[in-house]
Amino acid sequence: MSFKTPDLCDQFESDLGKSVRVVAPMFKSYGSREVFSGRIVTLKLFEDNSLVRTAFGEDGRGKVLVVDGGGSLRCALVGDQLAILAQKNGWEGVVVYGCIRDSGDINGIDIGVRALDTHPQKSIKRNVGERDLPVTFGGVTFHPGEYLYVDSDGVLVSEKPLT
């Protein structure tokens, strides 16, 4: 997979309308995969990462998990064990509107990770949250089944595949 988000913006934006949506630059980069893309799977939750574990336990080939954690900076929603599980099951990456932990270990795992920041505390486990619904943050609504493209320049969303 080879693409640059600036090139995708140039190629797919026109004066009449945009076929790509650019997420506000708010994320830090983790994981050893700097460039990743895939079909979007969404989760909406708050300080409870039970559904993240469930999703990462499934076949993730060609998919990116988008986690709307409400922007909470009070605990982590992904740690090294979940990143290892995601890698094992073929996930391309994860975008977390919240925090991760074990960032040093995650940086050595072959997965793409974007998150607001790090936090050492783990989340609660109550199995509370929703899956496969539109979620909105960073000025963009992410719909399940759409496509996400991430590199060092940013995060893009498109209704259709761009590469």
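The values are calculated or read from the model by the stated rules, or taken from the named source; none is laboratory data. Bear in mind that the values here come from a model prediction, so they are computed numbers and not experimental data. Glycine also receives a Cβ, built like all others from the backbone with ideal geometry; neighbour counts cover every protein chain displayed. The protein model used for the area step is the full one, side chains on, heavy atoms only, and it has no ligands, DNA or RNA in it. Shrake-Rupley method; radii C 1.70, N 1.55, O 1.52, S 1.80 Å.
Overview of results
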| item | result |
| --- | --- |
| For Leu82: the one exception among (1) in contact with a Phe, Trp or Tyr (Cβ under 8 Å, 6 or more places away or on another chain); (2) within 25 Å of Val22 (Cβ to Cβ) | (2) |
| Residue satisfying condition, being surrounded by fewer than 17 Cβ atoms within 10 Å (Cβ to Cβ) and over 12 Å from the mean Cα position of the chain (by Cα), within set Leu45, Leu73 | Leu73 |
| Output for region 85-132, where each listed residue is of a type in the set (Gly, Ala, Ser), within 23 Å of Pro144 (Cβ to Cβ) and assigned to a loop (DSSP other than H, G, I, E, B) | Gly90, Ser123, Gly129 |
| Filter result (among the β-branched types (Val, Ile, Thr) and in contact with a Leu (Cβ under 9 Å, 6 or more places away or on another chain)) within region 141-163 | Val150, Val155, Val157, Thr163 |
| Conditions (1) assigned to a helix (DSSP H, G or I); (2) closer than 14 Å to Tyr147 by Cα; (3) open to solvent by 20 Å² or more (accessible area, probe 1.4 Å); (4) not hydroxyl-bearing (Ser, Thr, Tyr); number of the one not met by Gln81 | (2) |
| Close pairs (7 angstrom Cβ cut-off, 6 or more residues apart or separate chains): under 11 Å from Ser50 (Cβ atoms) in region 115-135, assigned to a loop (DSSP other than H, G, I, E, B) anywhere | Ser123/Glu47; Ser123/Asn49; Ser123/Cys75; Ile124/Glu47; Val128/Leu45; Gly129/Leu45 |
| Output for region 54-70, where each listed residue is of a type in the set (A, V, I, L, M, F, W, C) and either under 16 Å from Val150 (Cβ atoms) or over 15 Å from the mean Cα position of the chain (by Cα) (or both) | Val64, Leu65, Val66, Val67 |
| Residues satisfying the stated conditions in region 55-67, i.e. without any contact (Cβ under 8 Å) to a residue 60 or more places away in the chain and either in a helix (DSSP H, G or I) or not β-branched (Val, Ile, Thr) (or both) | Phe56, Gly57, Glu58, Asp59, Gly60, Arg61, Gly62, Lys63, Leu65 |
| The listed residue being closer than 23 Å to Ala24 by Cβ, surrounded by fewer than 19 Cβ atoms within 10 Å (Cβ to Cβ) and within 13 Å of the chain's Cα centre (by Cα), out of Thr163, Thr136, Thr118 | Thr136 |
| Close pairs (8 angstrom Cβ cut-off, 6 or more residues apart or separate chains): under 17 Å from Gly71 (Cα atoms) and part of a strand (DSSP E or B) in region 40-51, open to solvent by 20 Å² or more (accessible area, probe 1.4 Å) and aliphatic (A, V, I, L, M) anywhere | Thr42/Leu133; Leu43/Leu51; Lys44/Leu133; Asp48/Ile124; Asp48/Val128 |
| Test: residue in region 23-40 that is hydrophobic (A, V, I, L, M, F, W, C) and closer than 24 Å to Lys125 by Cα | yes |
| Identity of the residue in region 133-163, among the hydrophobic types (A, V, I, L, M, F, W, C) and not in a strand (DSSP E or B), that ends up farthest from Ile40 (Cα to Cα) | Leu162 |
